[in-house]
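**Student:** Here it is, the structure, as structure tokens.
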Amino acid sequence: MRWIKYLLSTTVLLSFACDIGEVPVLGLTNPLDSETASETGLSTPALVFFPDSVSVSLGLSVPTKVYAMEVENLGVAHVQFSYNTDLLSVTSITAGDFFQGSQEPIFLVDDDTEAGTIDIYTSFLGTEATSVSGTGSLAIITFSTKAAGKTILEFS
């Protein structure tokens with residue numbers, strides 16, 4: 001009699017726990033993937049921000065990376081973009097890992113906080129090669145929010 005209670009309890013538990021329903025569809029939409037980029041109309045080589053959109057509470061910081069996508073023989077890069085200084089402030093700007101080699105890359109930044117423009121100059125310093133190819137991050141920019149609102153980072 002005792003085993004019937006266990007069997008009945010297990011059957012009831014499994015019938016509720018094993019509701020298959022609809023199988024979820026995985027959303028594999030990595031914007032740094034060349035196939036996804038071409039499906040969304042982005043032609044490579046390109047410069048992109050990743051993540052491409054972020055929702056952040058007031059006063060918090062959020063990092064975003066500048067990626068070079070599907071480039072060939074890149075040895076030097078100049079990236080310029082603008083941001084809304086009423087809504088964002090720059091906390092830090094560091095070199096990405098694309099130009100990392102046997103030596104640290106040259107990495108110079110000019111942040112014009114009045115105009116809301118950032119210029120990044122970076123160069124590859126490898127002893128085994130003079131350039132890199134593929135997809136990789138050129139810079140990591142951390143922003144802090146100053147006020148509520150929506151803004152867009154735009155390459156110039």
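The values are calculated or read from the model by the stated rules, or taken from the named source; none is laboratory data. Just so it is clear, the structure is predicted and the values come from calculations on it, not from any experiment. Every residue, glycine among them, receives a Cβ derived from its backbone with ideal geometry; neighbour counts consider all protein chains shown.
**Student:** If Gly96 passes every condition in (1) touching a Phe, Trp or Tyr at 6+ places or on another chain (Cβ under 7 Å); (2) surrounded by 13 or more Cβ atoms within 10 Å (Cβ to Cβ); (3) modelled with pLDDT of 90 or more but one, which one does it miss?
**Tutor:** (1)
**Student:** For the stretch 55-84, enumerate the residues that are under 13 Å from Phe143 (Cα atoms) and loosely packed, with under 12 Cβ neighbours inside 10 Å.
**Tutor:** Within the stretch 55-84, Ser55, Ser57, Leu58, Gly59, Leu60 meet the criteria.
**Student:** Let me spell it out: the conditions are (1) of a type in the set (S, T, N, Q); (2) under 18 Å from the mean Cα position of the chain (by Cα); (3) at positive phi, and Thr64 meets all of them except one. Which number is the exception?
**Tutor:** (3)
**Student:** I need the full set of residues from the stretch 79-133 which are of a type in the set (Phe, Trp, Tyr) and closer than 18 Å to Ser156 by Cα, in order please.
**Tutor:** Result: Phe81, Tyr83, Tyr121.
**Student:** Where residues in the stretch 137-151 are in a strand (DSSP E or B) and touching a Leu at 6+ places or on another chain (Cβ under 9 Å), which of them is surrounded by the most Cβ atoms within 10 Å (Cβ to Cβ)?
**Tutor:** Checking each candidate, the answer is Ile141.
**Student:** Same structure, new question: For Glu154, only one of the following conditions fails: (1) within 24 Å of Ser43 (Cα to Cα); (2) surrounded by fewer than 16 Cβ atoms within 10 Å (Cβ to Cβ); (3) in contact with a Phe, Trp or Tyr (Cβ under 9 Å, 6 or more places away or on another chain); (4) free of Cβ contacts under 8 Å to residues at least 60 places away in the same chain. What is its number?
**Tutor:** Going through (1) within 24 Å of Ser43 (Cα to Cα); (2) surrounded by fewer than 16 Cβ atoms within 10 Å (Cβ to Cβ); (3) in contact with a Phe, Trp or Tyr (Cβ under 9 Å, 6 or more places away or on another chain); (4) free of Cβ contacts under 8 Å to residues at least 60 places away in the same chain one by one, Glu154 breaks only (4).
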